[in-house]
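Structure, as structure tokens:
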Amino acid sequence: METRIIAAEDENMKEAVAAASELLAQGEVVAVPTETVYGLGADATNAAAVAKIFEIKERPAFDPLIVHIASVKDLDQVATVPDDIDKVFQKLISAFWPGPLTIVLPKVASIPDLVTSGLDTVAVRQSGNRVFRGIGRGFGKPIAAPSANRFGRISPTSATAVMKELGGRIPLIIDGGACRDGLESTIIRIEPGEKRPILHLLRPGPVTKKELQNFGRVVVERKRLIDEQPDVPGQLASHYAPRTPLYLFDKPADFRPEKGKRYGLMSHKGDPKAGYVGAHDWAVVESLSPGSGKLPEAAVRLFHVLRTLDEAGLDAIVAEPVTDTGLGQAIMDRLRRAAVNR
Ligand code: TXA
Ligand code: MG
């Protein structure tokens, strides 16, 4: 299959939206930009279309998808909001929607079981990406979309990265440029709680724990996502994994290079004083935040840099840890899951 790319710039925004909506209406899948990562979208109400997502991604059927709505008034096509969490739910969506927050809610019957892997809950979000919203409105129905990578691999944050992951397997990629946040959405489940609502943090992401604490007591789940439950059948690929083994150490001295091997460093700021840069004669050094030295830049660049190092023909990649606070928690979550020694 030939994979077409349409750039959704101002002059051909209409063409891009029309082409994507048309394919979705025909029960096809399309790769689309969001503010977090690129998604592989299909009509969330069409089980046959959703089945294509699983097939193309080689994703196990026990791993449920996120459903995206174009407008809050479309929520009732996907989920219900129980009365006892309605107040906090409304506060959360007025603070974070449209945006990178996904909320797990009871599902309605018209969402096929395949979308939720048979669960009675569904993960919902409203993306703030202009192109994605245009497609959602043009199509007029909720869109099921996981990240547009093959299962267990690095999420794509550009149309080029989608092409590398799924080129030849899908008819169309809508190129909306680089993703603003670069990390997948934060996922929560809401529980009423006695005094304050309880927000179960299932996946850390661009909306941080600290931001969520304004709305309730945040409980970080250890067994967070369905695809991390040890009791699910089958062998799970590790997440966000590059093909090249990636190591994460607490300090530079823990790294013991083997003779004759080529190692690449994923540095945080590229700062020689930080210890990692000077710790070894690296074949390649890539920095996550070469400009600002700050975490948002590191988040935006993480998957891109991981991909670049993966393509550099190295024996192994060493990742320098970032501070485990704020956005750093989401970055460290992805690094730990990519690492072979964690
Ligand atoms: O930023 C994002 O969330 C991107 C863009 C495309 O929206 N999507 C994304 O989807 O990251 P995906 O499929 O790669 O990750 C969704 C995660 C999976 O780990 C899945 O197990 C979990 O959400 N999930 C989906 N439905 C769930 C549910 N009902 N309860 C708990 N976890 C759920
Ligand atoms: Mg994913």
Selection status of LYS107, more than 9 Å from ligand 1 (Cβ to nearest atom) and either within 22 Å of the chain's Cα centre (by Cα) or of a type outside the set (A, V, I, L, M, F, W, C) (or both): no
Condition first: touching a residue at least 40 places away in the same chain (Cβ under 8 Å) and either under 14 Å from ARG262 (Cα atoms) or in contact with a Leu (Cβ under 8 Å, 6 or more places away or on another chain) (or both). Now tell me which residues in the stretch 272-287 satisfy that. TYR276
Counting only residues that are surrounded by 19 or more Cβ atoms within 10 Å (Cβ to Cβ), not in a helix (DSSP H, G or I) and not small (Gly, Ala, Ser), how many does the stretch 64-80 have? 7
Qualifying residue in the stretch 141-156 (condition: away from ligand 2 (no atom under 16 Å from the Cβ), in the same structural domain as VAL30 (by TED's automatic domain parsing), modelled with pLDDT of 95 or more and not in a strand (DSSP E or B)): yes
Please count how many residues of the stretch 56-104 are more than 15 Å from ligand 1 (Cβ to nearest atom), in contact with a helix residue (DSSP H, G or I) (Cβ under 7 Å, 6 or more places away or on another chain) and of a type outside the set (Val, Ile, Thr). 0
Filter result (at pLDDT below 70 and in contact with a helix residue (DSSP H, G or I) (Cβ under 7 Å, 6 or more places away or on another chain)) within the stretch 233-256: LEU236, SER238, HIS239
Could you please tell me which pairs satisfy a Cβ distance under 7 Å, a separation of 6+ or placement on different chains, a first residue in the stretch 90-106 that is free of Cβ contacts under 8 Å to residues at least 40 places away in the same chain, and a second residue that is assigned to a helix (DSSP H, G or I) and away from ligand 2 (no atom under 16 Å from the Cβ)? ILE93/VAL72; TRP97/VAL72; PRO98/ARG133
Does VAL124 satisfy the criteria of being at pLDDT 95 or above, away from ligand 1 (no atom under 11 Å from the Cβ) and open to solvent by less than 50 Å² (accessible area, probe 1.4 Å)? no
For the stretch 171-178, indicate whether the set of residues that are assigned to a helix (DSSP H, G or I), at pLDDT 95 or above, more than 16 Å from ligand 2 (Cβ to nearest atom) and not polar (S, T, N, Q) is non-empty. no
So, in the stretch 147-179, how many residues would count as being within 11 Å of ligand 1 (Cβ to nearest atom), open to solvent by 10 Å² or more (accessible area, probe 1.4 Å) and closer than 26 Å to MET13 by Cβ? 2
Selection from the stretch 17-47 of residues in a loop (DSSP other than H, G, I, E, B) and surrounded by fewer than 24 Cβ atoms within 10 Å (Cβ to Cβ) yields GLN26, GLY27, GLU28, GLU35, THR45, ASN46
What number goes with the only condition from (1) closer than 20 Å to GLY138 by Cα; (2) touching a Ser or Thr at 6+ places or on another chain (Cβ under 6 Å); (3) among the hydroxyl-bearing types (Ser, Thr, Tyr) that SER71 does not pass? (2)
Close pairs (6 angstrom Cβ cut-off, 6 or more residues apart or separate chains): among the β-branched types (Val, Ile, Thr) in the stretch 183-195, within 11 Å of ligand 2 (Cβ to nearest atom) anywhere: ILE187/ARG203
So, ILE85, is that one part of a helix (DSSP H, G or I) and in contact with a Ser or Thr (Cβ under 7 Å, 6 or more places away or on another chain) or not? no
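The values are calculated or read from the model by the stated rules, or taken from the named source; none is laboratory data. This one's a predicted model, so the numbers in the text were calculated from it and none came from an experiment. Using ideal geometry, Cβ is built from the backbone for each residue, glycine included, and neighbour counts are taken over all protein chains shown. Quick note on the areas: whole protein, heavy atoms, side chains included, nothing else; ligands and nucleic acids left out. Shrake-Rupley method; radii C 1.70, N 1.55, O 1.52, S 1.80 Å.
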